[in-house]
Amino acid sequence: MTAQQEIVPVQSEVPAIAALAQTVEDLIGQGLDEQALTAAVRTELERTLAEGFELPAEQVAPDPVRYVMYPLHVAADGSFSIASAVWDVGQGTPVHGHETWGVVGIYSGVEVETRYEKPTTPDVPLVGQGTDEWGAGQVTVCCTTDDDVHQVRCGGDQPVVGIHVYGADIGTLPRRSYDPETGAVHWFTSRWA
């Protein structure tokens, strides 16, 4: 496993994201269990997307080589982060886990998510659980610590931008990627753009 990097706090200058971050911090402070917390964060992210806001161009810009994650908010204690995740047309992720809870809402474009059963035995092929498409304004609980293996890709003819809320600093957290055919695990960190 890779070592976790130093957490660098980030405060958003986008009022809607700053307000969402404060709400998430308050919800975490209530000591809710993971299912209640992710349900509440989902409701707040749905509301935030429905009310509308504009992210700066540099926080929605695709990279020509690979998907990127821009830090919109990173809590000083690393307890949660909010990211703008961008996939250009034709780009996607490897099959991966998160090692924490997460809620994803689509800011623009179409995201295609393929889910897998979280492996309980090493080096066994993964079992698929289906594929969904998520469009602008739609929100899903993408992961909980017991159910968090998926692959994501851009599903349209324009880049997809998602607003991701995670229960850790996702830009420094060591996570697993999987070979779906063999179950082999490799550790990686999705470093911030």
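Taking the protein heavy atoms of the chain in the context of the full set of protein chains, the accessible area attributed to carbon and sulfur is 49 percent at 1.4 Å. Taking 0.36 nm per residue of separation and subtracting the Cα-Cα distance, full extension of the segment from Ala36 to Arg66 would add 7.5 nm. In this structure the amide hydrogen of Val127, modeled in the peptide plane, comes within under 5 Å of the amide hydrogens of Glu117, none closer than 5 places in sequence on its chain.
A 1.4 Å probe run over the chain, with the rest of the protein chains in place, finds 47 Å² accessible per residue.
Summarising the label geometry, the points placed 7 Å from Cα in the beta-carbon direction at Asp123 and His186 lie 1.8 nm from one another. Here the Karplus relation 6.51 cos²θ - 1.76 cosθ + 1.60, evaluated at θ = phi - 60°, turns the backbone of segment 119-136 into coupling constants of x, 10, 10, x, 6, 10, x, 6, 9, x, 10, x, 10, 10, 10, 10, x, 3 Hz, with x for every Gly and Pro. According to the square roots a ≥ b ≥ c of the eigenvalues of the Cα gyration tensor, what is the shape class of segment 88-185, taking rounded for a/c under 1.5, prolate for a/b larger than b/c otherwise, and oblate for the remainder? Here segment 88-185 falls in the prolate category.
Taking Lys and Arg as +1 and Asp and Glu as -1, the other residues whose beta-carbon sits under 11 Å from that of Gln35 total -3. Taking every Cα-Cα distance in segment 31-95 and sorting them into 5 Å bins starting at zero, the pair-distance distribution P(r) comes out as 3, 14, 16, 21, 21, 16, 7, 2, 0 percent. Projected area of segment 1-115, taken from the Cα convex hull and averaged over every viewing direction, in nm²? That works out to 8.3 nm², a quarter of the Cα hull's surface.
Under the criterion of Cα pairs below 8 Å and six or more residues apart, the relative contact order for the chain equals 28 percent. For segment 182-192, the Karplus equation 6.51 cos²θ - 1.76 cosθ + 1.60, evaluated at θ = phi - 60°, returns couplings of 10, x, 4, 10, 10, 8, 8, 10, 7, 5, 5 Hz by residue, with Gly and Pro reported as x. Each Lys or Arg adds one and each Asp or Glu subtracts one; over the other residues with Cβ under 10 Å from the Cβ of Cys154, this totals -2. Taking Cα centre as origin and charging only the Cβ of basic (Lys, Arg, +1) and acidic (Asp, Glu, -1) residues, the dipole magnitude of segment 45-193 rounds to 220 debye.
Along segment 90-99 the Karplus relation, 6.51 cos²θ - 1.76 cosθ + 1.60 evaluated at θ = phi - 60°, assigns HN-Hα couplings of x, 9, x, 9, x, 5, 8, x, 10, 6 Hz to successive residues, with x for each Gly and Pro.
The values are calculated or read from the model by the stated rules, or taken from the named source; none is laboratory data. What you are looking at is a predicted structure, and each value in this text was computed from that prediction instead of being measured. A quick note on method: Cβ atoms are made from the backbone with ideal geometry, for glycine too, and the neighbour counts reach across all protein chains shown. In case anyone asks, the SASA skips ligands and DNA or RNA and just uses the protein heavy atoms, side chains included. Shrake-Rupley method; radii C 1.70, N 1.55, O 1.52, S 1.80 Å.
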